[in-house]
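The values are calculated or read from the model by the stated rules, or taken from the named source; none is laboratory data. Keep in mind that what you see is a predicted model, and the values were worked out from it rather than measured. Heads up, the Cβs are rebuilt from the backbone with ideal geometry, glycines too, and the neighbour counts pull from every protein chain shown. These area figures cover heavy atoms from the full protein model, side chains too; ligands, DNA and RNA do not enter into them. Shrake-Rupley method; radii C 1.70, N 1.55, O 1.52, S 1.80 Å.
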Amino acid sequence: MTAQAGTGRTNQKQRTRTAIVAAARELIGTGAEVTMPGIAREALVSEATAYRYFPDLPSLISEALDGVWPPPAEALAPVAESVDPVERVRFACEFLLRGILARQGSVRAMIAATITRPETVKTRPGIRFGLIDHALLPLEDTLGATEPDAFAQLKRDLAVVVSAEAFFTLTDLCGLDPEEAVTSAVRTAATLTEAAVRPVA
């Protein structure tokens, strides 16, 4: 094989990989169901080809979502000047849940994969944790310093509520429409935060 042929083959592989990721990103953006066959069709490749580049759906979704979610400081920029952890948590919760709603097909696929194949959990973006940590920065020198166990518990409690799982429980099992689900989860996250900070207010 000549060097030119080798370079051409490498370039073709890169184009194919790029096309698969772009197709995944486009499908994710619709909020529709995200599957490997669907992505392959969108990318104009076979499903077998898609699997040659990505061993499973979670790894492909993870790469497609890379850079889509802003970093926590950027996401919470509208409340950057606020020192009220309740206000900041409210904003963080709503930001996450609306992002999940916009990309729910991919989020559902990631949850399903991590339930059926727990070893893939590392490929699932842990967006909620960065948002929660950033939202609670005003408490670092108060609750975090005086009651570190309570501070850690608050973060765990919020991780349950500020989550896709909570959102889908409210819509799928409780029958709420998306707006009602967002409002309910935000209210719960605020209530948890208020209860935790009351002793140090």
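Numbers below:
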{"quantity": "Region 112-133: number of residues that are open to solvent by 30 Å² or more (accessible area, probe 1.4 Å), within 19 Å of LEU65 (Cβ to Cβ), at pLDDT 85 or above and of a type outside the set (Lys, Arg)", "calculated": "3"}
{"quantity": "Residue check for ARG90: within 18 Å of LEU136 (Cα to Cα), part of a helix (DSSP H, G or I) and not aliphatic (A, V, I, L, M)", "calculated": "yes"}
{"quantity": "Verdict on GLN12 being without any contact (Cβ under 8 Å) to a residue 12 or more places away in the chain and either open to solvent by 30 Å² or more (accessible area, probe 1.4 Å) or under 20 Å from the mean Cα position of the chain (by Cα) (or both)", "calculated": "yes"}
{"quantity": "Extreme residue, surrounded by the most Cβ atoms within 10 Å (Cβ to Cβ), among residues of region 147-201 that are of a type in the set (Asp, Glu) and not in a helix (DSSP H, G or I)", "calculated": "GLU147"}
{"quantity": "Subset tally (residues that are part of a helix (DSSP H, G or I), free of Cβ contacts under 8 Å to residues at least 24 places away in the same chain and open to solvent by 40 Å² or more (accessible area, probe 1.4 Å)) for region 23-57", "calculated": "8"}
{"quantity": "Tabulated pairs, region 163-185, first more than 25 Å from GLY130 (Cβ to Cβ), second in a helix (DSSP H, G or I), C-beta under 6 angstrom, 6+ apart or interchain", "calculated": "LEU176/LEU170"}
{"quantity": "Close pairs from region 130-146: first part of a helix (DSSP H, G or I), partner at pLDDT 95 or above and among the β-branched types (Val, Ile, Thr), Cβ under 7 Å, at least 6 apart", "calculated": "LEU131/VAL162; ILE132/VAL162; ALA135/VAL89; PRO138/VAL83"}
{"quantity": "Tally of residues being in contact with a helix residue (DSSP H, G or I) (Cβ under 6 Å, 6 or more places away or on another chain) and not polar (S, T, N, Q) across region 165-181", "calculated": "6"}
{"quantity": "Selection status of ALA109, under 18 Å from TRP69 (Cβ atoms) and part of a helix (DSSP H, G or I)", "calculated": "yes"}
{"quantity": "Residue check for VAL162: within 17 Å of ALA190 (Cβ to Cβ) and in contact with a helix residue (DSSP H, G or I) (Cβ under 8 Å, 6 or more places away or on another chain)", "calculated": "yes"}
{"quantity": "Members of region 58-81 that are outside any helix (DSSP H, G or I) and either within 14 Å of ALA24 (Cβ to Cβ) or open to solvent by 20 Å² or more (accessible area, probe 1.4 Å) (or both)", "calculated": "ASP66, GLY67, VAL68, TRP69, PRO70, PRO71, ALA80, GLU81"}
